[in-house]
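Contents: one structure, followed by commentary.
The values are calculated or read from the model by the stated rules, or taken from the named source; none is laboratory data. Bear in mind the structure is a predicted one, so any value in this text is a computation, not a measurement. Note that each Cβ is placed from the backbone with ideal geometry, even for glycine, and that neighbours are counted across all protein chains shown. Note: areas computed on protein heavy atoms with side chains; ligands, DNA, RNA excluded. Shrake-Rupley method; radii C 1.70, N 1.55, O 1.52, S 1.80 Å.
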There are 6 protein chains.
Amino acid sequence: MRPSGRTAQQVRPITLTRNFTAHAEGSVLVEFGNTKVICTASVEENVPRWLKGKGKGWVTAEYGMLPRATHTRNRREAASGKQGGRTMEIQRLIARSLRAAVDLEALGEQMITVDCDVIQADGGTRTASITGASVALADAINHMIATGKLKSNPMKGHVAAVSVGIYNGEAICDLEYVEDSAADTDMNVVMMEDGKMIEVQGTAEEAPFSHQELLDMLALAQQGINDIIEKQKAALAE
Amino acid sequence: MRPSGRTAQQVRPITLTRNFTAHAEGSVLVEFGNTKVICTASVEENVPRWLKGKGKGWVTAEYGMLPRATHTRNRREAASGKQGGRTMEIQRLIARSLRAAVDLEALGEQMITVDCDVIQADGGTRTASITGASVALADAINHMIATGKLKSNPMKGHVAAVSVGIYNGEAICDLEYVEDSAADTDMNVVMMEDGKMIEVQGTAEEAPFSHQELLDMLALAQQGINDIIEKQKAALAE
Amino acid sequence: MRPSGRTAQQVRPITLTRNFTAHAEGSVLVEFGNTKVICTASVEENVPRWLKGKGKGWVTAEYGMLPRATHTRNRREAASGKQGGRTMEIQRLIARSLRAAVDLEALGEQMITVDCDVIQADGGTRTASITGASVALADAINHMIATGKLKSNPMKGHVAAVSVGIYNGEAICDLEYVEDSAADTDMNVVMMEDGKMIEVQGTAEEAPFSHQELLDMLALAQQGINDIIEKQKAALAE
Amino acid sequence: MRPSGRTAQQVRPITLTRNFTAHAEGSVLVEFGNTKVICTASVEENVPRWLKGKGKGWVTAEYGMLPRATHTRNRREAASGKQGGRTMEIQRLIARSLRAAVDLEALGEQMITVDCDVIQADGGTRTASITGASVALADAINHMIATGKLKSNPMKGHVAAVSVGIYNGEAICDLEYVEDSAADTDMNVVMMEDGKMIEVQGTAEEAPFSHQELLDMLALAQQGINDIIEKQKAALAE
Amino acid sequence: MRPSGRTAQQVRPITLTRNFTAHAEGSVLVEFGNTKVICTASVEENVPRWLKGKGKGWVTAEYGMLPRATHTRNRREAASGKQGGRTMEIQRLIARSLRAAVDLEALGEQMITVDCDVIQADGGTRTASITGASVALADAINHMIATGKLKSNPMKGHVAAVSVGIYNGEAICDLEYVEDSAADTDMNVVMMEDGKMIEVQGTAEEAPFSHQELLDMLALAQQGINDIIEKQKAALAE
Amino acid sequence: MRPSGRTAQQVRPITLTRNFTAHAEGSVLVEFGNTKVICTASVEENVPRWLKGKGKGWVTAEYGMLPRATHTRNRREAASGKQGGRTMEIQRLIARSLRAAVDLEALGEQMITVDCDVIQADGGTRTASITGASVALADAINHMIATGKLKSNPMKGHVAAVSVGIYNGEAICDLEYVEDSAADTDMNVVMMEDGKMIEVQGTAEEAPFSHQELLDMLALAQQGINDIIEKQKAALAE
C-alpha cells in the first residue's frame, strides 16, 4: 500500500489556477497534491543572438525553488552565486519538453521564457512544472494571437508529465516525497496529448530495473498523463 | 488625486495569510494591494561562525523576486550569478529591522532566517516584506516555544513598515508602482509598535525635499504603520 | 563628553586636497579627521547601453576600501570575487546623491564615474566620500567645460553629507569610529547647499529612536553640513 | 543506410587502453570510433563532509571537453567561470551510473572520483565516458585491494552505456556525430552486465517517439551493450 | 648526479606527434619525457573587439591540466569557478611567446588560439607547452595558406622553451618533477631559432642566485633549446 | 635621449614614506617618480590551513590598482568579479620576492600579508611595489619584535626591484610609462641587498633580445637596485 492510500495508478489531486499573478502573458499555479509551482510565460520580441535573422523563434525555461519550499531550508542559489546541477538539469528538461510542443518557425523571431518557481515541494516538482508550464505557454500564445503578434497557433498540442517509480517492488504513479525517497527506481515521462513521448528519464536510485519494470512504469505513465491532460484541457476551457 | 483614488493617508488593503506554505516554522503571504510577498521564517539550531560560543542568537533575511513579478521580466539572479545591489540593500534593511525587534541574547545560540520572495510587485515590496516577515518571525518563535527550543519570547514587539513619498507636491502614504515611479521623493519608514523608529530611509528621486516635507511624510508613516500593526495583531490572533 | 573631546555639534577637521592624483579629470583626497578617501571623477564620452540615444548623461559611483584601511585586515573584494552588501549599499548611496546634484539632460550623452577609495577608515567613510566626490565632480565638470565637452555647468550646487547619531543619550555630529560603534542610532544625511535633503538614512543600531531624537539629529546634520559646504567652497576657490 | 556504412545494430570499433596516464589509480583511454575520452579514477581516503562518520564511501564523476575536441572551438569552461548545463547534466549521469555499480557500504569511508575528459568528440561522449569510467573504476578498486585499502571487491559488475536513436525512421545503435545531429530521437541507455537498466534517457530532438520506437531502441541498446561489456572484460583480462 | 641519470645539459627524450586530434587546424601531442601536453591551434576569422578594424591579427593561448595529470588530484578549475594564478601566469607566458614569433600585421584580421592541455605532468609543463604550441601554430598557419586564408607565412621562426635550474649547486637542463621540487632556482627560457630570447623567467625557490649561476643556466638553456628546435624541424618535415 | 632626460642608468626620484596610514603594522607610500603605491603589511597570528602545525610562517602579497590610477579608467576588479591575469601575475611575483627575504621557520606560525595598492601609475608599479613592500615588511617585523611576537628578526636582508629595458636600441633603467610602452624589451629584476638575484623576468615586447642585451640590462639593474636599497636603508634609519 502507498503511504498516501492511493492506488498504484492514481495521480494526486491536480489543480491548475490560471492568471495566478498579474503581469505575465501566461501565469499558472500548478498543484500536484502538496507540490505547488508558479509557472509564468513571458513573451519577448527578440531571440537569442545565435538565432537572429533565421526566421525562427525560441522557447526556453528556468527553474527555481524558494529556499524553504523543502523540509529544511536550502541555500538560495542567487546568494551562492550559481545554479546547482539539479536545477540546470531540470530547467533543461522543461525547456526541451516545451520546445517539442511548439513549431518554432511558426513562432517567428519571438521568444517565450517560462519560469517555474516551486513554492512548496512534495515530490514531482519537475513533472508538475512541465504540466503547469504547458498551460502558461498556451495562455501566452493566446495573448500573442489576441495582440496580433501571432496569426496562427504554433503549439502542436498539450504536453504533460508525470513521475512513475518502483516502490516496494511495484510500479506506482505520481510519487510524493515519502514515496520518492524510498523508491528503487524513479522515472519521469513527458508526453504529448497524442500519446507520443518527448522525454523518458528513468534512474535506478537503489536497484537496477528490468525490461518488464520499465514497461510497467510506462503503462502507468501513459494512463496518468491522460488524466493530467484532461485537467489541462478543462483549465484552459474555463 | 491619487491614481488609486485613495486619500493621502490611506494604505492599500492589507492581508496577512499565515501558514501559507507547509514546511517553514513561520510562513506568511503578505499582500499590500497588488504587491504580494511570501515570507518564511526558518529556524536553525546553530549560528554563523563568528557568533559561535557567544551565547547569542541571530536573525537574518534574504530577499528575492520571481523573474516575472514585474511588468517586464528581470533576469533571474541565480542565473546571472549574483544578487544585485538593490536586492542586497533590501535584504540588509529587512534583516536589520527584524533584529531590532528581537533580544538576541534571549534567543540563545539559534538562528532564524526569513526569506521574502516577491511573487507580484506593485510598489512597496520592501515594506510589505518587513511587515509580513514580522508575522512569520512571530510564528516561528511561537513554534520554538511550543517545541521547547525557547522558554520565553525574545521578541520585543511587532515591527512594521510603510513607504511614504512626495507625489504631485503632496505627501502620500503606501505608494503603489505608478505613484512610486512618478514621485519626487520616496521614504521607507520602519517602526516598532510603540511608535519608535528603527529605520528611516528617504531618497530624493527627482527633487530634494524640505524639512517640512520630511515631517509631513513622517506623520503619514506613523499613522499608516499604526493601521498595519493592527492588521498584524489581528492576523496573529486568529 | 565625546571621546574626541569635541562638542556635540562639532565636525572633525576636514581637508579637501584637489588634484591629489594625476590622471583623473577630478581627483580629491578628502579627510574627515582620520578618515581618508581618494575620490576621482572620470569622464567618458558614452553612456550605459540603456541610456543610449536618449540625449541624457549619467553619473555613477563606485566605493572600495583598501584591505588594511581598517583596524584589522578585511579580505580584498577583488579576491573574494564580489563586492559585499555594505559596499553595494554605500556606492549606490553615493551615486544617487551625486545624480541629485546634476542636471542629466544638460550633461548630454556623457558619463562621469566617481570612484571613492578609502585608504584609512575612522568612521563616516560614506559621508566623507560624498563630500569629496562632490568636489571631484565639480573639477571634472570644469575640465569638461574647459575642453569644450560642455557649454554650461549642469551641476545644481554642492552636495555634502555628514553622519549624526545618538550616543550616550545625546545627539552628536560626525561620529568617529569609537563613537559610531557605541552609538544607539546612526543616521547619514545628504544635503544640497540650499539646505534641502537628498538622502536621510537613520538606523537604530541598538535602540529604536523617537521622533524628537530624529529632529535633534537633523538639526545637528543641517549645521554640520553647512560647515562642510564652506570647506568645499573654499577648496574650489583655491 | 547509415553514413558510416554500419548496420543498424553495429557499434563502432571500441578500444579501451588501460594505464593510459601514469598517476591515477585507474586510467583508461576509451575510443568509440573517433570519440576519445581519457577516464581517470582517483582514490581519496576521505568522503564528502555530509557523509563523514556514516561508514559509507562515495563515487563521483566530473566531465569536461578540451576546447577543440569539437569541430569548432568551444569556450573553456574554466575561463568562463562555470560549468555549463550540459556538462553538469552529463557528469551527474556518469556519477549516478557508477554509484549504481558499487556497494558504497563495502567501500568504507573512501571516495573515488572519476574524471572523464573528452579529447576528441564524434558523438556519444557520455556513453563512451561511462564505459571507460567503469574500467578505470575497476582498476582503481583492484589497486585498493592490492594496497590493502579494501579487503573485498565492492563492485557489483561492469556498467556500460550506448546511445540509440531514430534516424531516417529507423532505430540505430551508437550514433556518431553526423547521425546524432540528424536524428529525430536520441536515447542513452546504461546497463549492468546482467542486463538490468541503470539509466534510460530518451529525448525527442525533432519528433516525439512512439511506444514501439522506444522498444526498438531498447532492443538495440541491449545488444550493443552486450558487445561493449565483452570489450570491457577483454580489456581487464589483459 | 641527477635522479634521472642524465648529464647536466641533457634534455629528456622529446617527441612531437602531429595531427594528434582530428578537428583543430594544428594538433600536436608534445612529450618531454613523462610530461605530456596536447596542443591544438584553432583559427577564427575574427579578432578580439579591441583589435577590430586595425588590420592586425591576434595569437593567444590557454592552458589547463586534467585534474589527475599530477600525483594527487587537483580540483578541476571549471568546477571551482576560476582559473588559478599559476594557470593565468602560464597561459600569458605561452601567448606572449607565440606572439613574439608571428608578424601580426601579416596575419591580418584573424585569430589563432592555442590550447595547451596537460594530460600528464612531470615537470616543465610550460616549456613543453610552448614547444608543442609552436609546431601546432605552424601547422595551423600552413592550413591557412593551403585554404587561401593567408598568402604568405607570418611566422618569423620556430620558438621553443626549456627549463634550467640550480640543483645540488650545479646548473642542469630540463628539470623533471623530482629535480624541480628540490631545486634552489628554476628558470624558464624561451628562444627563437636564431638564438634570441623571448622570455627569461628565473625564480629563486630556495636560495638567491648569483650572476655566474645565471650565466651558467643561460648557456645550458641555449644548448637545450637548439636540440629542441631540431626536434621541431624534424617533426614538421615529416 | 630618454623622454625624461635621465641618463640610461638613472632611476627616478624615489621616496619611501613610512607610517603612511594608521592601522597597519607596516605602512609605506612608495614613489618611483609619478608611480605611487601604498604598501601595508598586516600581521595575523595564524597561517593558511595547509601550513598549520608545521612550525612555519607565511608571507603573502596582494596587488591592486585604483580604477583611475591610469590614464583611462580601468574596470574595478571587485566589480568585474575577478582579479585579472596581470594582477595575479604581479601579486605572485611580489609574494615570492618577499618570501625569499624571510626565514619562514624563524617567523613561526604567523602570517604577514602585504597589500600593494597603486594610487597612481606611471610604469614600474611592480618594482615600486616590491621596494615599498620590503620596507613595510621590515616595519611589521619590528612591530612584532616590539610586541613580543618575535624574539629575533627573520628577515635576511632588504629586497628591492627595478625594471630595465631596451629602448631605442639601448639599455635603460627604471622605465616610466612612455618609455615602457615603446620599449622592445622589458625586464624586471628583484635582488637582495647582497646582490644575489631573486627574480629575473625579461620579456620581448617587440623584438627578441640578445645575450649581450640581457647582460647590459642586468648590469643596469644591479646598479639601480644598489641605489634603491640605499633609499630603503635611509628610510628605515629615520
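Comparing the full protein assembly with the isolated chain (1.4 Å probe, heavy atoms, ligands and nucleic acids excluded), the residues of the stretch C:164-200 losing at least 20 square angstrom of accessible area are C:196, C:197, C:198, C:199, C:200. In plain terms, if you count all Cα to Cα distances in the stretch E:167-238 and split them into 5 Å steps from zero, the share in each step is 3, 15, 26, 23, 16, 10, 5, 2, 1 percent. Per-residue mean of foreign Cβ neighbours for D:113-122 is 4 (Cβ atoms of other chains, 10 Å radius). Apolar share of the accessible surface for the stretch F:1-121: 48 percent from carbon plus sulfur atoms, 1.4 Å probe. Working note: Karplus 6.51/-1.76/1.60 with θ = phi - 60° gives the stretch B:95-110 the couplings 5, 4, 4, 5, 4, 5, 9, 10, 7, 5, 5, 5, 6, x, 6, 9 Hz, where Gly and Pro are set to x.
Summed over the residues of the stretch B:12-235 and divided among them, the accessible surface reaches 35 Å² per residue at a probe radius of 1.4 Å.
Put simply, the amide H of residue B:4, placed in the peptide plane, has no neighbours under 5 Å, leaving out anything fewer than 5 places away on its chain. Of all DSSP-defined beta bridges confined to the stretch F:12-235, some 85% are antiparallel rather than parallel. Compactness ratio for the protein assembly as shown: Cα radius of gyration over 2.2 N^0.38 Å (N = residue count) comes to 0.98.
Amide H contacts of residue F:123: F:177, each under 5 Å away and 5 or more positions distant or on a separate chain (H built 1.01 Å from N in the peptide plane; Pro and chain starts excluded).
Inter-copy label distances at residue B:152, using a point 7 Å along Cα-to-Cβ, come to 6.0, 6.0, 6.7, 7.6, 9.2 nm with the shortest given first. Seen from residue D:214, the other residues with C-beta closer than 13 Å to its C-beta sum to a net charge of -4, counting Lys and Arg as +1 and Asp and Glu as -1. The value given for the stretch E:72-182 is a Kirkwood hydrodynamic radius of 16.0 Å, derived from the mean inverse Cα-Cα separation. Across the stretch A:1-100, Cα-Cα pairs more than 20 Å apart make up 58 percent of the total.
In the stretch E:206-238, comparing the full protein assembly with the chain on its own, the residues that lose 50 Å² or more of accessible surface at a 1.4 Å probe are E:208, E:209.
Counting charges near residue E:141 (Lys, Arg +1; Asp, Glu -1) among other residues having Cβ under 13 Å from its Cβ returns a value of 0.
Counting only other chain Cβ atoms within 10 Å of each residue's Cβ, the peptide E:17-24 averages 5. Take each residue in F:37-44, count the other chain C-beta atoms within 10 Å of its C-beta, and the mean is 3.
Interface size, chains D and A: roughly 2500 Å² of accessible area buried, both sides included, 1.4 Å probe, rounded to the nearest 100. Whole-Hz Karplus values for the stretch B:203-211 come out as 10, 7, 6, 10, 9, x, 10, 8, 4 Hz, taken residue by residue from phi with 6.51 cos²θ - 1.76 cosθ + 1.60 and θ = phi - 60°; glycine and proline positions read x. Note on chain B: Kirkwood radius taken over Cα pairs, Stokes-Einstein applied at 37 °C and 0.692 mPa s, translational D equal to 181 µm² s⁻¹. Here the Karplus curve 6.51 cos²θ - 1.76 cosθ + 1.60, taken at θ = phi - 60°, turns the phi angles of the stretch F:30-36 into couplings of 9, 10, 10, x, 8, 8, 10 Hz, with x standing for Gly and Pro. Past the 25 Å Cα-Cα mark, which pairs from C:52/E:82; B:36/B:233; D:156/D:231; C:52/F:82; B:82/B:156? Over 25 Å Cα-Cα: C:52/E:82; C:52/F:82; B:82/B:156. For chain D, the longest principal axis of the alpha carbon atoms and the long axis of helix D:125-146 meet at an angle near 20°. Overall, chain B carries a charge dipole of about 860 debye about its Cα centre when +1 sits on the Cβ of Lys and Arg and -1 on the Cβ of Asp and Glu, all other atoms neutral.
Cα centroids of the stretch D:124-155 and the stretch A:110-136: 39 Å apart. Note on the stretch C:146-238: with neighbouring protein chains present and a 1.4 Å probe, carbon and sulfur make up 44 percent of its accessible heavy-atom surface. Starting from the label point of residue B:237 at 7 Å along Cα→Cβ, the same points in the other copies fall at 4.7, 6.3, 8.4, 8.4, 10.0 nm, in ascending order. Among the lysines, select those whose C-alpha is under 20 Å from the C-alpha of residue D:54, and discard any that sit fewer than 8 residues away in the same chain. List returned: D:149, D:151.
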